[in-house]
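The values are calculated or read from the model by the stated rules, or taken from the named source; none is laboratory data. Since the structure is predicted, the reported quantities are computational estimates derived from the model, not experimental observations. Every residue, glycine among them, receives a Cβ derived from its backbone with ideal geometry; neighbour counts consider all protein chains shown. When the accessible area is computed, the model is the full protein with side chains, heavy atoms only, and any ligands, DNA or RNA have been set aside. Shrake-Rupley method; radii C 1.70, N 1.55, O 1.52, S 1.80 Å.
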Protein chains: 2
Amino acid sequence: MGMRSDSRLARMLHVLVHMALLGGRETSERIAEMLNTNPVVVRRTLGALRDHGIVASEGGRGGGWKMAKGLDEITVLDVQRALDAGPILPAATSSDHPSCPVERASNAVLTAAHAAAEARLVEIYATTTLAEIARTAMATAKGEA
Amino acid sequence: MGMRSDSRLARMLHVLVHMALLGGRETSERIAEMLNTNPVVVRRTLGALRDHGIVASEGGRGGGWKMAKGLDEITVLDVQRALDAGPILPAATSSDHPSCPVERASNAVLTAAHAAAEARLVEIYATTTLAEIARTAMATAKGEA
DNA sequence: CTTTCTGTAACACCATTTGTTACGGAAAGA
DNA sequence: TCTTTCCGTAACAAATGGTGTTACAGAAAG
């Protein structure tokens, strides 16, 4: 039951596409089945997307979750930012002797390389909408039938 | 005393440049002071570099660590690979319903984006030698004097 | 008032780096 | 030979952050 890595972004892309294709309202219970997990995990994670206007939630009988935007209005980057405002790729520098020029030069190289990689990642995230993922999924499903 | 993130690469770049600039042999004790940590941590981490021919170690009185290559023969990628043979950036996909076309399409987007970012990172790592880091450090130190 | 929802708090679990203590073994020097 | 100085390793605790669960509180519909 441990953690292998952070799968929140992948799970949210997955579930958002499903919700849009299904069209109506879905409960945390049903979404948890899609993600093979627990309803509380769903509320926690979808809650972050609600706070960023991607989905809307309603409590009480007949409540649940629905899309607040169309799939073509949501990019992968939007979802990523809703889950975590910070940098996507961790810095990986050291701070053992902050005044040491050698440590500073090493950190500078790593920071620059990291920034370049993150820029590439953000570029792709920002230009990929969930609508494209939905199209790919439907094409794959049709090809398999 | 806990773990913030993986600083092994940054620390190894730092210490390798110092070792090369000092020229001779260094003990784990002295290197631990450079990294503000414990000698056992140094043996553990430098041990991985030794297994990849970057440094050499010798036990017993007068022993210690020395460079096995010149700074201009070692790239950041060499050090990274010595520390970890796997991919640098974790996959971040989900595997809740491996046969679901939507999950597969989501994972495919993330995997492709990740691969592009890692390619950029590797490109920079592979073309940056420790000699360049040493030059930057010395230029910075001179500028500060 | 009961049922069905979301919203949280409060935990235990896992994986991984890090820090630390405690040895064993090898090499050099007295 | 005995001592000192090294590396090599095992073993264990701490910190971290997503995850899985249980347990309630609150709100809305019937």
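Here are the numbers:
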quantity: Residue within region A:77-85 that is under 30 Å from A:Val109 (Cα atoms), more than 12 Å from chain B (Cβ to nearest Cβ) and assigned to a loop (DSSP other than H, G, I, E, B) present; calculated: yes
quantity: Cβ pairs under 8 Å, 6+ apart, first in region B:76-87 and farther than 10 Å from B:Val122 by Cβ, second more than 16 Å from DNA strand D (Cβ to nearest atom); calculated: B:Val79/B:Leu9; B:Val79/B:Leu13; B:Val79/B:Leu130; B:Leu83/B:Leu9
quantity: Test: A:Thr129 is away from DNA strand C (no atom under 16 Å from the Cβ) and at pLDDT 95 or above; calculated: yes
quantity: B:Asp96, sole failed condition from (1) in contact with a Phe, Trp or Tyr (Cβ under 6 Å, 6 or more places away or on another chain); (2) within 11 Å of chain A (Cβ to nearest Cβ); calculated: (1)
quantity: Within region B:1-28, considering residues that are hydroxyl-bearing (Ser, Thr, Tyr) and either more than 10 Å from every other protein chain (Cβ to nearest Cβ) or away from DNA strand C (no atom under 12 Å from the Cβ) (or both), the one most open to solvent (accessible area, probe 1.4 Å); calculated: B:Thr27
quantity: Any pair with Cβ under 6 angstrom, 6 or more apart, that starts in region B:29-55 at a residue that is more than 17 Å from B:Val17 (Cα to Cα) and away from chain A (no Cβ under 12 Å) and ends at one that is within 12 Å of DNA strand C (Cβ to nearest atom) and open to solvent by 80 Å² or more (accessible area, probe 1.4 Å); calculated: B:Pro39/B:Glu29
quantity: Residue satisfying all of: in region B:26-43; within 16 Å of B:Leu130 (Cβ to Cβ) and in a helix (DSSP H, G or I); nearest to DNA strand D (Cβ to nearest atom) among these; calculated: B:Ile31
quantity: Identity of the residue in region A:39-76, touching an Asp or Glu at 6+ places or on another chain (Cβ under 8 Å) and open to solvent by 20 Å² or more (accessible area, probe 1.4 Å), that ends up farthest from DNA strand C (Cβ to nearest atom); calculated: A:His52
quantity: Where a residue in region B:103-131 is within 9 Å of chain A (Cβ to nearest Cβ) and farther than 24 Å from B:Asp78 by Cα and its partner, wherever it lies, is open to solvent by less than 20 Å² (accessible area, probe 1.4 Å) and β-branched (Val, Ile, Thr), with Cβ under 6 Å and at least six apart; calculated: B:Ala105/A:Ile133; B:Ser106/A:Ile133; B:Val109/A:Thr128; B:Val109/A:Ile133
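Yes or no, residue by residue, for (1) under 16 Å from B:Val102 (Cβ atoms); (2) near DNA strand D (Cβ under 9 Å from one of its atoms); (3) assigned to a helix (DSSP H, G or I):
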position: A:Val17; (1), (2), (3): yes, no, yes
position: A:Leu21; (1), (2), (3): yes, no, yes
position: A:Gly24; (1), (2), (3): no, no, no
position: A:Thr45; (1), (2), (3): no, yes, yes
position: A:Leu49; (1), (2), (3): no, no, yes
position: A:Ser57; (1), (2), (3): no, no, no
position: A:Arg61; (1), (2), (3): no, yes, no
position: A:Lys66; (1), (2), (3): no, no, no
position: A:Lys69; (1), (2), (3): no, no, no
